[in-house]
């Protein structure tokens, strides 16, 4: 739908100086994005020439690369919102495999399983064996911590990680940090990183050039979206203070089973759709949790996220794709350029 | 009848029968006020415990039942009791033998909190 895409970009340009987008623009976004996808935009959205051109044209010149984020597969879930989460996971995998480019790796931002059962992790592993990208990075969700503080999870996916499963790695000049905010949760609280992990994070980032693009990924959103439903991380402010000096920071989360985005200075926040079931928009239902949609709409509210890193702008373009559409229907955000 | 027999027939026997009837009808000394086996219920649904505060007498058993379509737990903040992960329709029971206020929460979704007041 090139015309609609162009309309949306024009709309964004018009609103670049405002704090949000106007109601018409918002409704346009909603219509384009499809039923069930919720957008929150605060601050201007910088226009990204990358996806104006169409993200399928992948230039692999010098250092550009892509990776895919999937989230909340909840293998083992079998209630009406989606009686077959393994099938929709497979659809997501097929979608990744059908891409014109093979992503360099995949990041799974947690809630791999529904109940931390070995059989559930087995099923997930089996399905992921067929994905085109052979390197997969994981962080656990709260559903993966149900057996003895995540013992099962760590045994399978914890190699090379510290504590409850945090780690970092570098890829073609971009520094990736996987954080765990679902361990040792306190009564009445939201997500929590904890003192030990924060100390490790501060140390991990020390001495890195501010022009190094940073990607943080964790299960529960690292910004406060809706405290009543626990959609936030109590001590994320401290973590974010450590990345303040960097020129390009992208934060990828899951947990809420819908797309939400925010840009604050040079930090772009983004939450992904689930491959299992959607959840209601904040405050639109008595509680969070699985949301039933008509069967023919399920594929449109589940999805994957394609992230395209461009060396030239040192920026990451985040593009969401519902499982049920032929192309990407939701435009993403572009991480800020440059550094000092 | 002899005088002794008359005493038995007229006084002791009726007194004994009366006492027997009295004790047969009264509750046992160590009974609790609840009919035994009664369980107080907490229903888990929509990411909340209902009722959020439950008041029960000492010795009562509280049963949590998960009616939500997502698993939850019921774990005391003072390590007094701890349920396993409860999937839909699974239950957990705990008998409160000491008076006090017992705060608890769901370790998976910590915003979910509740209280049992035992008095």
Can you tell me how many residues within region A:288-302 are closer than 28 Å to residue A:239 by Cα and either part of a strand (DSSP E or B) or touching a helix residue (DSSP H, G or I) at 6+ places or on another chain (Cβ under 7 Å) (or both)? 1
Looking for something surrounded by fewer than 20 Cβ atoms within 10 Å (Cβ to Cβ), at positive phi, under 20 Å from the mean Cα position of the chain (by Cα) and modelled with pLDDT under 95 - is there at least one such residue anywhere in region B:97-115? no
Could you tell me whether any residue of region A:89-98 is within 14 Å of chain B (Cβ to nearest Cβ), at pLDDT 95 or above and crowded, with 23+ Cβ neighbours inside 10 Å? no
Run residue B:77 past the list (1) within 23 Å of residue A:116 (Cβ to Cβ); (2) within 11 Å of chain A (Cβ to nearest Cβ); (3) crowded, with 16+ Cβ neighbours inside 10 Å; (4) modelled with pLDDT of 95 or more and report the number of the one that doesn't hold. (3)
Which of the numbered conditions does residue B:57 fail, given that it passes all the others? Conditions: (1) within 16 Å of residue A:288 (Cβ to Cβ); (2) touching a residue at least 60 places away in the same chain (Cβ under 8 Å). (1)
Out of A:274, A:321, A:236, sole residue that is within 14 Å of chain B (Cβ to nearest Cβ) and under 20 Å from residue A:111 (Cβ atoms): A:274
Looking at region A:99-112, is at least one residue within 14 Å of another protein chain (Cβ to nearest Cβ), within 17 Å of residue A:272 (Cα to Cα), modelled with pLDDT of 95 or more and not in a helix (DSSP H, G or I)? yes
Scan region B:50-67 and give yes if some residue there is within 11 Å of another protein chain (Cβ to nearest Cβ), more than 21 Å from the chain's Cα centre (by Cα) and within 19 Å of residue A:114 (Cα to Cα), otherwise no. no
Assuming residue A:207 fulfils every condition listed in (1) surrounded by fewer than 18 Cβ atoms within 10 Å (Cβ to Cβ); (2) in contact (Cβ under 8 Å) with a residue 40 or more places away in the chain apart from one, which condition is it? (2)
Residues that are within 10 Å of chain B (Cβ to nearest Cβ), within 17 Å of the chain's Cα centre (by Cα) and not in a helix (DSSP H, G or I), drawn from region A:126-149: A:141
Residue satisfying condition, being at pLDDT 95 or above and in contact with a helix residue (DSSP H, G or I) (Cβ under 9 Å, 6 or more places away or on another chain), within set B:51, B:71: B:71
Which number in (1) out of contact with any helix residue (DSSP H, G or I) (no Cβ under 8 Å at 6 or more places or on another chain); (2) in a loop (DSSP other than H, G, I, E, B); (3) at pLDDT 95 or above marks the one condition that residue A:312 misses? (3)
With the checklist (1) at pLDDT 95 or above; (2) closer than 29 Å to residue A:88 by Cβ; (3) surrounded by 18 or more Cβ atoms within 10 Å (Cβ to Cβ) in hand, flag the one item residue A:318 doesn't pass. (1)
What number of residues within region A:179-204 are without any contact (Cβ under 8 Å) to a residue 12 or more places away in the chain and away from chain B (no Cβ under 14 Å)? 3
Report the residue count in region A:150-178 for those that are within 14 Å of chain B (Cβ to nearest Cβ) and modelled with pLDDT under 95. 3
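The values are calculated or read from the model by the stated rules, or taken from the named source; none is laboratory data. In this text, all values refer to a predicted model and were calculated from it rather than measured experimentally. Here Cβ is always computed from backbone atoms with ideal geometry, including for glycine, and neighbour counts include all displayed protein chains.
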